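Report on one structure; see the data block that follows.
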Amino acid sequence: MRHTYCAYVESEGERLFTAVSLPDKTGTFPIVIARSPYVDDLMDKTDEELCTYYAQAYAGWNEAGYAVVTQHCRGRGRSTGDCIPYIHEREDGLALQEWVRHQPFYGGELYLHGGSYCATVHFVTAPFASDIKGAVLEVQDPDRYNCNYRNGFYKMGLHGGWYVDMYKKNRVLRGETEKHFDEDSYKMRPLIRFSQEVFGETAADFDAILMHPERDDPFWKTTRFGGAETVGALDGADIPILFTTGFYDIYTGGVFEAFRELDPATKAKSALLVHPYAHSGSRHDQPLTFENGEMTEQFGDVPRRWFDAVRGKGEYPVQRGQVTYYQLFADRWNTDAFAQPADSRTVTLGEGEHTYCYDPADPASFKGGLSANFGGTQWQDAPYRRQDILTFYTAPFDTDTAVKGRMSARLCVKSDAEDTCFYVRVSLCKEQGDYGLRDDITAISRAVPAYRAGETVMLDFTFDEHAFVIGAGERLRVDVSSSAYGLYVPHTNRKGLFSLQDTAVVAHNTVIASESTLTLPIGG
């Protein structure tokens, strides 16, 4: 029989539960390494029960000749210590790799595999040692800023609730502490009180993140709290890396950027695979099912096929050096460089000036996080449901029109406040309803730092990559608001660092539709 056993790996004085599952033979093997914090349901199981669990989970890998070493992240499952997201993963991951190198089954080949946070635990161990021969890093952005912010707006719909759940999770499960959190916790002012109010203690890393909302702040490149260990983590990696994302993943734009910025040698060996769904990659999480849209439906066991190909034991599941992606509503997989097309089409949003009242105490919300927050896409609510959401429609398209790349928008706006923000959401009007495509958000002060109330300014919005077809007779819907609560922390309509502001004011915001545009990259 295959042999599975449990061990504990020491790291900085903590004992990290580790399960080893070996093929049904003696000798050395290529080893797949995985680490996960999402093991809370295993914390009370016995070693015998865990051995049975992991033997079943990794049977396919073992039968294919791989050993699998998987570990519970610090403070989760059976591992000791406190779970503080990101903070100890580099040391713990490197300790596991070194432990594996001293095991009798070590054959000189390590392969890194994981998705979402379980990919982050590998990113932070870069630069990779010479015995790491390949990696499959799925649905995760190595840029920590993108995990937390978009254009200075904190992503409560991605990082916000997730961090709260992760923080010292085992203490909560053991009844040693509790958290005082609900969605409205992100309305507290000043927001810098958050960790004290929710956790009953200061979370230094979380508080530091709230103090650094700008991408060009050195915090994001020089500190552990800002994710400095993943800055340039893949530069010169020179191993075959398969990235995956979905057009409705929470990290779509960041994963595209990570692949695009690989050095030429690494990129030539690597690939990006993009499905039409959300973070899980499952059709069950989205309102429409696309033919062969799940990766397994089209490509089979992608991680195992990738590692087999690295080892010269089969063909790669997708073409290296390229992006393989599903084109929505054309219902097909394409492979190319996913370059921004040269052709584009620009349409104006309408006529006249449209003014609405934005009250930070009563922010608008939208269905689906699209490509930057949890929730994927959903059928959108009916238009004109709130006075603070403007809705514009394009004219129907005469012919089927392929859109590929990054759409953009430009709003001509003004406000009676010293600062405010505008949120744009684009949807495709299908027969069944309006299908959310992309969104973006920005503040007036980002474009005009010295803005004076009443001035007219132009705001630019750039949306994450997408590939879809607008059918003949269909049109696009553009919603404009100044809030998207549940996704982003509400703007206070005041200038200055959002996390230190203790008051908010109402703003009257205006969109000049005749000078506002949506631009579509046409191609594919």
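Could you list the square roots of 5 times each eigenvalue of the Cα gyration tensor of segment 43-193, that is, the equivalent ellipsoid semi-axes, sorted largest first and rounded to whole Å? All intermediate terms of the calculation are to be shown ahead of the outcome.
Details: eigenvalues 206, 85, 36 Å².
Computed over segment 43-193, the values are 32, 21, 13 Å.
How many Å³ per residue does the convex hull of the Cα positions in segment 195-345 occupy? Working shown, then result.
Details: hull volume 28.8 nm³, N = 151.
Here the figure is 190 Å³ per residue.
Where both partners of a DSSP beta bridge lie in the chain, what percent of those bridges are antiparallel, to the nearest 5?
70 percent
Among Asp434, Asp400, what's the order by accessible area (1.4 angstrom probe), most exposed first?
Values: Asp434 25, Asp400 110 Å².
From most accessible down to least: Asp400, Asp434.
Quick check: convex hull over the Cα atoms of segment 451-524, volume per residue in Å³, rounded to an integer? All intermediate terms of the calculation are to be shown ahead of the outcome.
On the way: hull volume 11.9 nm³, N = 74.
Given the Cα convex hull of segment 451-524, per-residue volume reads 161 Å³.
What angle, in degrees between 0 and 90 and rounded to the nearest 10, separates the Cα long axis of helix 89-101 from the longest principal axis of the Cα atoms of the chain?
30 degrees
Of Lys221/Lys404; Lys179/Lys367; Lys155/Lys495; Lys269/Lys404; Lys45/Lys168; Lys133/Lys168, which sit over 28 Å apart, Cα to Cα?
As for pairs spanning more than 28 Å Cα to Cα, those are Lys221/Lys404; Lys133/Lys168.
With charges set only on the Cβ (+1 for Lys and Arg, -1 for Asp and Glu), what does the dipole of segment 350-477 come to about its Cα centre, in debye to the nearest 20?
Here the size comes out at about 240 debye.
Find the centroid of the Cα atoms in segment 252-294 and in segment 461-483, then give the distance between the two in whole Å.
19 Å
Note down the Stokes-Einstein diffusion coefficient of segment 255-413 in µm²/s, whole number, using a Kirkwood radius over alpha carbon pairs, 37 °C, and 0.692 mPa s. Intermediate results must be reported in sequence, preceding the final value.
Values: Rh = 19.2 Å.
Diffusion coefficient, whole number: 171 µm²/s.
Lys/Arg Cβ at +1, Asp/Glu Cβ at -1, dipole of the chain taken about the Cα centre: which of Thr519, Gly300, His88 is farthest positive-ward?
Sorting the options by dipole projection puts first Gly300.
How much accessible surface area, in Å² rounded to 10, belongs to the heavy atoms of Lys168 with a 1.4 Å probe?
Probe radius 1.4 Å; accessible area of Lys168 about 40 Å².
Quick one: order Phe290, Phe374 from most to least accessible surface, probe 1.4 Å.
Output order, biggest surface exposure first: Phe374, Phe290.
Hey, got the dipole for segment 89-240? About the Cα centre, +1 on K and R Cβ, -1 on D and E Cβ, debye to the nearest 20?
The dipole of segment 89-240 has a size of about 240 debye.
What does the charge count near His466 come to, summing +1 for each Lys or Arg and -1 for each Asp or Glu among other residues with Cβ under 9 Å from its Cβ?
Net charge in that neighbourhood comes out at +1.
Please calculate the 1.4 Å probe accessible area of Asp235, with all protein chains present, and give it to the nearest 10 Å².
Asp235 exposes around 110 Å² with every protein chain in place.
Find, among the GluC sites (Glu not before Pro) in segment 353-442, those assigned to loop by DSSP (not H, G, I, E, B) with at most 11 other beta-carbon atoms within 10 angstrom.
Glu431
Using only the alpha carbons of segment 1-89, determine the length spanned along each of the three principal axes and report them from longest to shortest in whole angstroms.
If we take the Cα atoms of segment 1-89, the spans are 37, 24, 19 Å.
Farthest toward the dipole's positive end in the chain, which of Thr289, Ala268, His279, given Cβ charges of +1 (Lys, Arg) and -1 (Asp, Glu) about the Cα centre?
The residue sitting most towards the positive pole is Ala268.
Using a 1.4 Å probe on the protein heavy atoms only, what accessible surface does Asp44 show? Give it in Å² to the nearest 10.
Asp44 has an accessible surface of roughly 130 Å² with all protein chains in place.
Relative to the longest principal axis of the C-alpha atoms of the chain, give the angle of the C-alpha long axis of helix 47-57, reported between 0 and 90° and rounded to the nearest 10°.
Its long axis makes an angle of about 70 degrees.
Work out from phi, with θ = phi - 60° and the Karplus expression 6.51 cos²θ - 1.76 cosθ + 1.60, the ³J(HN,Hα) of each residue of segment 413-427, listed in order in whole Hz, and give x for Gly and Pro.
Values per residue, Gly and Pro as x: 9, 7, 8, 8, 9, 5, 7, 6, 9, 10, 10, 10, 10, 10, 10 Hz.
Please say if segment 136-216 is rounded, prolate or oblate, where rounded means a/c under 1.5 for a ≥ b ≥ c the square roots of the C-alpha gyration tensor eigenvalues, and otherwise the choice is prolate for a/b larger than b/c and oblate otherwise?
oblate
How big is the convex hull of the Cα atoms of the chain, per residue, in Å³?
That works out to 144 Å³ per residue.
In whole Hz, with x marking every Gly and Pro, tabulate ³J(HN,Hα) for segment 193-198 from phi via Karplus 6.51 cos²θ - 1.76 cosθ + 1.60, θ = phi - 60°.
So the J values, rounded to whole Hz, are 6, 3, 5, 5, 6, 8.
Calculate the length of the line joining the C-alpha centroid of segment 50-82 to that of segment 338-405, in whole Å.
Here the two parts' Cα centres lie 44 Å apart.
Might you report the magnitude of the Cβ-based charge dipole of the chain about its Cα centre, with Lys and Arg at +1 and Asp and Glu at -1, to the nearest 20 debye? Working shown, then result.
Numbers: 52 positive and 74 negative charges, 95 e Å.
Dipole about the Cα centre, nearest 20: 460 debye.
The values are calculated or read from the model by the stated rules, or taken from the named source; none is laboratory data. Computed from a predicted model, the values in this text were never measured in an experiment. Every residue, glycine among them, receives a Cβ derived from its backbone with ideal geometry; neighbour counts consider all protein chains shown. Accessible surface areas use protein heavy atoms only, side chains included; no ligands, DNA or RNA. Shrake-Rupley method; radii C 1.70, N 1.55, O 1.52, S 1.80 Å.
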